[in-house]
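The values are calculated or read from the model by the stated rules, or taken from the named source; none is laboratory data. Everything numeric in this text was worked out from a predicted model, so none of it was measured. Neighbour counts are summed over all protein chains in view; Cβ atoms, including those assigned to glycine, are modelled from backbone coordinates with ideal geometry.
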Amino acid sequence: MPKRLVVLVSGRGSNLQAILSACASGQIPATEVVAVISNRPQAPALALATAAGIPVRCVDHRRFGDRSSFDAALRAQINDFAPDHVALAGFMRRLTPEFAQHYEGRMVNIHPSLLPAFPGLHTHAQALAEGVKLHGATVHFVTADLDAGPIIVQGAVPVLAQDNVDSLAARVLAMEHRIYPQAIAWLVSGRLRMEQGKVTIDGEKAGELSPCIWPGTED
Ligand code: GRF
């Protein structure tokens, strides 16, 4: 039986596209994206999913008076598809601890910084303001704390003297598209687990694979 993956989105959907391509090529093995769910009705990611023949749902956060009723509705929609795993791909809502707990060990997120640096929004502007020389992206398990769950894989990129927010964001995004399918491939194949808050990836200790990526490293 293929693994069932639900992807949550809010916007453009380039990480969703990277996941779909990786499922189609077999980089993410034996996995079907069974639904794409957005909190924004106008998210371009929904059109992308529809064009790919994937069922879409929208749970518009503006229709809910508080976070927990939104999360309950979102959870009901997700669970309709009986997923094995849930991937947040540019999903821009904070989730309640109850929601995070419900999917603990089964839900991952991509964040455009080398966590724990620059959680939250505007990560590229923050990186430029701080003058860091390395920036990047992180895939982590989702826990109750925003952008603070156990780290699975990080991809680093240089910050160049001539960078602005757009050029830096584009370099990081290309790295996101490398590391997110990789992390999901490990997850669905059972190589990756979260146990007592710690990440285990089979083969990491033996040096068969590395969750530390930078431009030029082999996939
Ligand atoms: C990505 O940079 C992701 O890391 C962040 O939001 C952006 C979403 O981009 N959380 P896309 O919708 O996947 O193109």
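How many residues does the range 35-53 contain that are outside any loop (DSSP other than H, G, I, E, B) and crowded, with 19+ Cβ neighbours inside 10 Å?
So the count comes out to 8.
Inside the range 161-197, residues that are within 18 Å of the chain's Cα centre (by Cα) and of a type in the set (D, E, K, R) make up a count of 5.
Please indicate, with yes or no, whether at least one residue in the range 134-154 is assigned to a helix (DSSP H, G or I), away from the ligand (no atom under 16 Å from the Cβ) and modelled with pLDDT of 95 or more. Don't jump to the end; show me each part of the working.
Filtering the range 134-154 down to residues assigned to a helix (DSSP H, G or I) leaves none.
So far as the range 134-154 goes, no, none of its residues is assigned to a helix (DSSP H, G or I), away from the ligand (no atom under 16 Å from the Cβ) and modelled with pLDDT of 95 or more.
I need the full set of residues from the range 85-116 which are among the polar types (S, T, N, Q) and within 8 Å of the ligand (Cβ to nearest atom), in order please.
The initial filter retains those residues of the range 85-116 that are among the polar types (S, T, N, Q), namely 96, 101, 109, 113.
Answer for the range 85-116, where residues must be among the polar types (S, T, N, Q) and within 8 Å of the ligand (Cβ to nearest atom): just Asn109.
When Leu20 is tested against the conditions (1) in a strand (DSSP E or B); (2) more than 11 Å from the ligand (Cβ to nearest atom); (3) surrounded by 18 or more Cβ atoms within 10 Å (Cβ to Cβ), the lone failure is (1). Selection over the range 54-84 of residues that are in a helix (DSSP H, G or I), of a type in the set (A, V, I, L, M) and either within 15 Å of the ligand (Cβ to nearest atom) or crowded, with 18+ Cβ neighbours inside 10 Å (or both) gives a count of 2.
Filter the range 155-173 down to residues that are free of Cβ contacts under 8 Å to residues at least 12 places away in the same chain and within 16 Å of the ligand (Cβ to nearest atom) and give me whichever is surrounded by the fewest Cβ atoms within 10 Å (Cβ to Cβ).
First, pick out the residues of the range 155-173 that are free of Cβ contacts under 8 Å to residues at least 12 places away in the same chain: 160-162, 166-167, 170.
Now drop any that are not within 16 Å of the ligand (Cβ to nearest atom), which leaves 166-167, 170.
On the way: Asp166: 9, Ser167: 14, Ala170: 12.
That would be Asp166.
For every residue, the table says whether it meets (1) within 21 Å of Arg193 (Cβ to Cβ); (2) in contact (Cβ under 8 Å) with a residue 12 or more places away in the chain; (3) in contact with an Asp or Glu (Cβ under 8 Å, 6 or more places away or on another chain); (4) of a type in the set (A, V, I, L, M, F, W, C).
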site: Gly65; (1), (2), (3), (4): no, no, no, no
site: Asn79; (1), (2), (3), (4): no, no, no, no
site: Asp84; (1), (2), (3), (4): yes, yes, no, no
site: Gly90; (1), (2), (3), (4): no, yes, no, no
